[in-house]
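The values are calculated or read from the model by the stated rules, or taken from the named source; none is laboratory data. Since this is a predicted model, take the numbers as computed values, not measurements. Glycine also receives a Cβ, built like all others from the backbone with ideal geometry; neighbour counts cover every protein chain displayed.
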Amino acid sequence: MTLIKSISGIRGTIGGKPGTNLTPVDVVECAAGLAIWLKRRNGNPKVVVGRDGRLSGSIVSQLAVNTLLSMGLDVVDVGLSTTPTVEMMVPHLRAGAGIIFTASHNPKEWNALKFLTQTGEFISAADGQEIIDIIDQGQLDFASVDNLGNYTLYEGAIGFHIDEILKYRHLNLQAIKDAHFHVVVDCINSTGAISLPPLLDALGVSYHLLNDSNFGHFAHNPEPLPKHLEQLSSTVQSQKADLGISVDPDVDRLAFVCEDGSMFGEEYTLVAVADYILSREKGNTVSNLSSTRALSDITIKHGGYYSASAVGEVNVVNEMKRTTAIIGGEGNGGIIVPDLHYGRDALAGVAIFLSLLAEKKMSMTDLKATYPSYEIIKDKIDLSPELNLDEIFKNIKATFKDEKLNEVDGLKIDFTEGWVHMRKSNTEAIVRIYCEAADVDTAQSLIKKIKDII
């Protein structure tokens, strides 16, 4: 059982003892810590909150909401929603901050509080540390009975989000409608079931839904990886659909399945969307150090500049702002379209991708074949007390001292034939080891070199 505090929020498993798991005590402390931080920052007493479909979502949300009210803050609750929807609603409703109750791709026993600034972006590492310090140093101070906050339930947030996507200047709505697409959607028993159907209706796309009820009872591991998408793959084939769509529980990650049931590859979600946008507007792109080289290839092809950031959405966003990138994201299927907002958005990704597919007038497999072909392996090892990462990194650097090393985020080694990136996860008690090469055998051999040292 785990409680993790990082730039990705305060995340943990439900139940157990305070301080080691995400318990009611931890939820109250975290929400109160955000309230103190907000009061110090901008004085705007309004907080927008929303949650995904997790079993613990209602409990966690109510605990946090009532804590905020007890701190004298006003709360606008958009209820069951998506992470990108809440991100867009914070500035739209002129709030001072936001909280999303979601553990993203983690299994059902997990939940989290993800904090947003007044612009609807994730808070920085420094701000996150300030909130943690407020909690740890016992600086919480609740409001008197005459100064409690006000609660408002806001309906229509998802509708607002979809309307903004439909206004996006590069969206080719007519081409999508003319294509008469039929898709299969894996809603993973969460809020994809209430956000993707109205989007697809607006786009004129017919669909077949999987796992669209029993919220929180995830039909499979919710991370949209190939080994978890067998049901989606087989249904795409049986339905003779044009493609399959997979999202995670809070609808910020997006992966596609081709018409033959094969994986389009979550790494190529961003590549394809960037290809479409860059074909219509010259500009720069950003992804993180653990993402495919194919985005760099596509960007250079279109005359743009590509740069890589440390892993973590806030890091990608900061690099996008620095380089004025017009599209960015992460290789986990996260698409960031700054014209809409600076946050990963699977709904926007679906609409833009369908524009690309409609204009190309080709199948998913044919489209995939037009992109640079790389194979990426995403491995991990458990982070145990006896695992000395500093010593491991030291040994790896000594072994590969003649290769190109990058220590911006963990350790990345660029070999001639591929790269390996090893880093401690922001969201789980694991060390991630990602590797990419032109073929699977080469990628596996590169990972083996690293794991042999460990």
Inset, instruction - Taking residue 317 as meeting all but one of (1) among the aliphatic types (A, V, I, L, M); (2) surrounded by fewer than 24 Cβ atoms within 10 Å (Cβ to Cβ); (3) touching a Phe, Trp or Tyr at 6+ places or on another chain (Cβ under 8 Å); (4) at pLDDT 95 or above, write down the number of the exception. - result: (2)
Legend entry - Unique match (being farther than 18 Å from residue 264 by Cα and out of contact with any helix residue (DSSP H, G or I) (no Cβ under 7 Å at 6 or more places or on another chain)) among 405, 383, 411: 383
Inset, instruction - Assess whether residue 396 counts as being over 21 Å from the mean Cα position of the chain (by Cα) and assigned by TED's automatic domain parsing to the domain that holds residue 445. - result: yes
Inset, instruction - Please find, among 370, 399, 323, the residue that is in contact with a strand residue (DSSP E or B) (Cβ under 8 Å, 6 or more places away or on another chain) and at pLDDT 90 or above. - result: 323
Inset, instruction - Select, from 427, 416, the only residue that is loosely packed, with under 15 Cβ neighbours inside 10 Å and either of a type in the set (Val, Ile, Thr) or more than 23 Å from the chain's Cα centre (by Cα) (or both). - result: 416
Legend entry - Residue among 72, 120, 98 that is touching an Asp or Glu at 6+ places or on another chain (Cβ under 8 Å), in the same structural domain as residue 15 (by TED's automatic domain parsing) and over 16 Å from residue 312 (Cα atoms): 98
Legend entry - Tally of residues being more than 17 Å from residue 438 (Cβ to Cβ), of a type in the set (A, V, I, L, M, F, W, C), in contact with a Phe, Trp or Tyr (Cβ under 9 Å, 6 or more places away or on another chain) and not in a loop (DSSP other than H, G, I, E, B) across the stretch 392-419: 1
Inset, instruction - Confirm whether residue 60 is part of a strand (DSSP E or B), outside the structural domain of residue 340 (by TED's automatic domain parsing) and either on the phi > 0 side of the Ramachandran plot or more than 18 Å from the chain's Cα centre (by Cα) (or both). - result: no
Inset, instruction - For the stretch 18-55, name all the residues that are under 25 Å from the mean Cα position of the chain (by Cα), surrounded by fewer than 21 Cβ atoms within 10 Å (Cβ to Cβ) and either charged (D, E, K, R) or not in a helix (DSSP H, G or I) (or both). - result: 20, 21, 23, 55
Inset, instruction - State all residues of the stretch 165-221 that are of a type in the set (Gly, Ala, Ser) and within 14 Å of residue 54 (Cα to Cα); if no residue qualifies, say none. - result: 190, 192, 193, 213, 216, 219
Inset, instruction - Assess whether residue 361 counts as being within 24 Å of the chain's Cα centre (by Cα) and either loosely packed, with under 14 Cβ neighbours inside 10 Å or not small (Gly, Ala, Ser) (or both). - result: no
Inset, instruction - List the number of the failed condition for residue 296; all other conditions in (1) touching a residue at least 60 places away in the same chain (Cβ under 8 Å); (2) surrounded by 19 or more Cβ atoms within 10 Å (Cβ to Cβ); (3) not hydrophobic (A, V, I, L, M, F, W, C) hold. - result: (1)
Legend entry - Where residue 423 falls short, out of the listed (1) assigned to a strand (DSSP E or B); (2) without any contact (Cβ under 8 Å) to a residue 24 or more places away in the chain: (2)
Inset, instruction - Would you point out the residue of the stretch 431-452, among those that are surrounded by 13 or more Cβ atoms within 10 Å (Cβ to Cβ) and β-branched (Val, Ile, Thr), that is nearest to residue 378 (Cα to Cα)? - result: 433
Inset, instruction - Can you tell me which residue within the stretch 112-129, out of those that are at pLDDT below 95 and among the aliphatic types (A, V, I, L, M), is farthest from residue 250 (Cα to Cα)? - result: 126
Legend entry - All positions within the stretch 224-262 that are at pLDDT below 95 and crowded, with 20+ Cβ neighbours inside 10 Å: 224
Inset, instruction - Given the conditions (1) crowded, with 22+ Cβ neighbours inside 10 Å; (2) part of a loop (DSSP other than H, G, I, E, B), report the number of the one that residue 339 does not fulfil. - result: (1)
Inset, instruction - Examine the stretch 89-112 for a residue that is among the aromatic types (Phe, Trp, Tyr) and either within 18 Å of the chain's Cα centre (by Cα) or crowded, with 19+ Cβ neighbours inside 10 Å (or both), and state whether such a residue exists. - result: yes
Legend entry - Filter result for the condition that a residue is closer than 25 Å to residue 407 by Cα and either in contact (Cβ under 8 Å) with a residue 60 or more places away in the chain or among the hydroxyl-bearing types (Ser, Thr, Tyr) (or both), over 355, 290, 373: 290
Inset, instruction - Hey, can you tell me all the residues within the stretch 56-78 that are more than 17 Å from residue 114 (Cα to Cα) and crowded, with 24+ Cβ neighbours inside 10 Å? - result: 71, 73
Inset, instruction - Considering only the stretch 314-349, state which residues are among the charged types (D, E, K, R), within 24 Å of residue 201 (Cβ to Cβ) and touching a helix residue (DSSP H, G or I) at 6+ places or on another chain (Cβ under 8 Å). - result: 344, 345
